[in-house]
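Colleague: Before we start, here is the structure in question, set down as structure tokens.
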């Protein structure tokens, strides 16, 4: 329904970047509205406890509202906050973190850390672009999904991808339209680094000889490297050119080179990741006599920097492929004080954790589900200091409640890292200590 006579005063933003208001005791979440604005709205989903709505008119505009930079904003689902000034986005995310800690965790940090941030545009070095042949739209679409839809957005550029990659989108559309299997290519995955830009093309049927030649010509013209994926992630292999530079990112402050495969998780924002690393090391403060554990270690993003200062670091991860990569990265960087093991940290028991021995400090960097079972498993011999890096403030807050109210820790500090500008995604870091 739409009723221009009904207006709402937006009270806050929720964790998805929607404006939050209330009418007759019911929460209304309004797409496209900002805190402090008065708007009229159109409801597109009704539930007993809440309604989902879209702005129809802004009666009173927020001072934080700006004109979106991308012409595809509002249709493309890649960004949700381009209509909000970047510094206001950071402040809003800080409030989301504080609200989650307060209302879910019933905790408050002694110190709110200054926000970590980097460039607002062209920051996204990793992306998965969907591909779809849509004849009625003139050919092949390459891009992110539309908002609230499984359709692929029609786009010729992307302001959050590196400019050189954004400029490739029209060329990719034209290339794929020439391929014999253009209707059998569901996605292209991007891994962009200073040394090489890798594009992984997912093909559901084999490429023909003519297709392979077209890929080679494209790679030479645009200075990219193709990798091919015929089935699952384990089938990803380099295709052309085979003499391209190594796919890797660097952490210069710690003199580290971190090779990775396109299928392996790395941080999307290569400008913010080193700053987050520095903050984590400052909070953890590893010492040359300490044994430290890195939980959910992945390919060693935090483990190896810790190893530069600690006596020993143990990295634990559920994926055997990532553990193998972490071992290779430690060897590549000449680190001999690391140990890596495969362990399902979502099912770890107190006895299993105790069997690993005493750790002076712990770093936790879990996926969105958080580390509830792990923090519940902490015993009397638990580390005195824990640094928790989170990509979901709600699960961080839930786990913080366990650490503070059950395990005797104090939340010394917390703050955000704006890893994904123009989206509602909140990355954060927190420091817990106990006497």
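Colleague: If you go through the range 399-434, how many residues are in contact (Cβ under 8 Å) with a residue 40 or more places away in the chain and not in a helix (DSSP H, G or I)?
Modeller: Of the residues in that region, 24 qualify.
Colleague: Could you tell me how many of the residues in the range 47-71 are assigned to a strand (DSSP E or B) and either in contact (Cβ under 8 Å) with a residue 60 or more places away in the chain or out of contact with any strand residue (DSSP E or B) (no Cβ under 8 Å at 6 or more places or on another chain) (or both)? If you could, list the steps in order and put the result at the bottom.
Modeller: Here is the first cut: in the range 47-71, the residues assigned to a strand (DSSP E or B) are 50-60, 65.
Next, only the ones that are either in contact (Cβ under 8 Å) with a residue 60 or more places away in the chain or out of contact with any strand residue (DSSP E or B) (no Cβ under 8 Å at 6 or more places or on another chain) (or both) stay: none.
The total comes to 0.
Colleague: Does the range 377-393 contain at least one residue that is free of Cβ contacts under 8 Å to residues at least 24 places away in the same chain and either within 30 Å of residue 92 (Cα to Cα) or assigned to a loop (DSSP other than H, G, I, E, B) (or both)? Even if it seems obvious, please write down each step before you answer.
Modeller: Of the residues in the range 377-393, the ones free of Cβ contacts under 8 Å to residues at least 24 places away in the same chain are 380.
Pick out the ones that are also either within 30 Å of residue 92 (Cα to Cα) or assigned to a loop (DSSP other than H, G, I, E, B) (or both) and you get 380.
Yes, the range 377-393 contains at least one residue that is free of Cβ contacts under 8 Å to residues at least 24 places away in the same chain and either within 30 Å of residue 92 (Cα to Cα) or assigned to a loop (DSSP other than H, G, I, E, B) (or both).
Colleague: Do the conditions hold for residue 233, that is, is it under 29 Å from residue 388 (Cβ atoms) and without any contact (Cβ under 8 Å) to a residue 24 or more places away in the chain?
Modeller: On the way: under 29 Å from residue 388 (Cβ atoms): yes; without any contact (Cβ under 8 Å) to a residue 24 or more places away in the chain: no.
Taking the combined requirement at face value, the residue does not satisfy it.
Colleague: If I go through the range 142-162 residue by residue, how many of them are touching a helix residue (DSSP H, G or I) at 6+ places or on another chain (Cβ under 9 Å) and either surrounded by fewer than 21 Cβ atoms within 10 Å (Cβ to Cβ) or assigned to a loop (DSSP other than H, G, I, E, B) (or both)? Explain how you work it out, then say what you get.
Modeller: Of the residues in the range 142-162, the ones touching a helix residue (DSSP H, G or I) at 6+ places or on another chain (Cβ under 9 Å) are 142-143, 154-161.
In the following step, the residues that additionally are either surrounded by fewer than 21 Cβ atoms within 10 Å (Cβ to Cβ) or assigned to a loop (DSSP other than H, G, I, E, B) (or both) were identified as 154-161.
Adding up the residues that qualify gives 8.
Colleague: To continue, here is another question. Tell me, please, whether a residue that is assigned by TED's automatic domain parsing to the domain that holds residue 303, modelled with pLDDT of 95 or more and over 30 Å from residue 18 (Cα atoms) can be found in the range 413-422.
Modeller: So in the range 413-422, the residues assigned by TED's automatic domain parsing to the domain that holds residue 303 come out as 413-422.
The next check asks that each one be modelled with pLDDT of 95 or more; those that pass are 413-422.
Next cut, over 30 Å from residue 18 (Cα atoms) only: none.
Checked the range 413-422: no residue is assigned by TED's automatic domain parsing to the domain that holds residue 303, modelled with pLDDT of 95 or more and over 30 Å from residue 18 (Cα atoms).
Colleague: Additional query: Report whether or not residue 380 is modelled with pLDDT under 95 and farther than 30 Å from residue 77 by Cβ. Give the steps one after another, and end with the answer.
Modeller: On the way: modelled with pLDDT under 95: yes; farther than 30 Å from residue 77 by Cβ: yes.
Yes, satisfied.
Results for (1) outside the structural domain of residue 115 (by TED's automatic domain parsing); (2) within 20 Å of the chain's Cα centre (by Cα), shown as yes or no for each residue.
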site: 232; (1), (2): yes, no
site: 241; (1), (2): yes, no
site: 255; (1), (2): no, no
site: 261; (1), (2): no, yes
site: 288; (1), (2): no, no
site: 291; (1), (2): no, no
site: 302; (1), (2): no, yes
site: 306; (1), (2): no, no
site: 342; (1), (2): no, no
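Colleague: Moving on. Does residue 122 satisfy the condition of being free of Cβ contacts under 8 Å to residues at least 60 places away in the same chain, touching a helix residue (DSSP H, G or I) at 6+ places or on another chain (Cβ under 8 Å) and either surrounded by fewer than 13 Cβ atoms within 10 Å (Cβ to Cβ) or in a loop (DSSP other than H, G, I, E, B) (or both)? Break it down stepwise before answering.
Modeller: On the way: free of Cβ contacts under 8 Å to residues at least 60 places away in the same chain: yes; touching a helix residue (DSSP H, G or I) at 6+ places or on another chain (Cβ under 8 Å): yes; either surrounded by fewer than 13 Cβ atoms within 10 Å (Cβ to Cβ) or in a loop (DSSP other than H, G, I, E, B) (or both): yes.
For residue 122, the condition - free of Cβ contacts under 8 Å to residues at least 60 places away in the same chain, touching a helix residue (DSSP H, G or I) at 6+ places or on another chain (Cβ under 8 Å) and either surrounded by fewer than 13 Cβ atoms within 10 Å (Cβ to Cβ) or in a loop (DSSP other than H, G, I, E, B) (or both) - is met.
Colleague: Any chance you could count how many residues in the range 182-205 are assigned to a loop (DSSP other than H, G, I, E, B) and under 25 Å from the mean Cα position of the chain (by Cα)? Break it down stepwise before answering.
Modeller: Of the range 182-205, the ones assigned to a loop (DSSP other than H, G, I, E, B) are 185-186, 193-196, 203-205.
Within this subset, residues satisfying the condition of being under 25 Å from the mean Cα position of the chain (by Cα) are 185-186, 193-196.
Residues that pass the stated criteria total 6.
Colleague: Would you check which residues across the range 5-38 are on the phi < 0 side of the Ramachandran plot, surrounded by fewer than 21 Cβ atoms within 10 Å (Cβ to Cβ) and over 30 Å from the mean Cα position of the chain (by Cα) and list them?
Modeller: 5, 6, 7, 9, 22, 23, 26, 38
Colleague: Just for the range 206-219: of the residues that are exposed (fewer than 12 other Cβ atoms within 10 Å of the Cβ) and touching a residue at least 12 places away in the same chain (Cβ under 8 Å), which one is farthest from the chain's Cα centre (by Cα)?
Modeller: Step by step, filter the range 206-219, then rank; the result is 210.
Colleague: For the range 39-77, what are the residues that are more than 26 Å from residue 154 (Cβ to Cβ), surrounded by fewer than 18 Cβ atoms within 10 Å (Cβ to Cβ) and in contact with a helix residue (DSSP H, G or I) (Cβ under 9 Å, 6 or more places away or on another chain)?
Modeller: Result: 63, single match.
Colleague: Let me ask another. Conditions: (1) farther than 30 Å from residue 401 by Cα; (2) surrounded by fewer than 17 Cβ atoms within 10 Å (Cβ to Cβ); (3) touching a residue at least 24 places away in the same chain (Cβ under 8 Å). Residue 82 meets all but one. Number of the miss?
Modeller: Only one criterion is unmet by residue 82, namely (2).
Colleague: Taking the range 163-172 on its own, how many of its residues are touching a residue at least 40 places away in the same chain (Cβ under 8 Å) and either part of a loop (DSSP other than H, G, I, E, B) or not assigned by TED's automatic domain parsing to the domain that holds residue 137 (or both)?
Modeller: 1
The values are calculated or read from the model by the stated rules, or taken from the named source; none is laboratory data. This one's a predicted model, so the numbers in the text were calculated from it and none came from an experiment. So basically every Cβ, Gly included, is an ideal-geometry build from the backbone, and we count neighbours across all protein chains shown.
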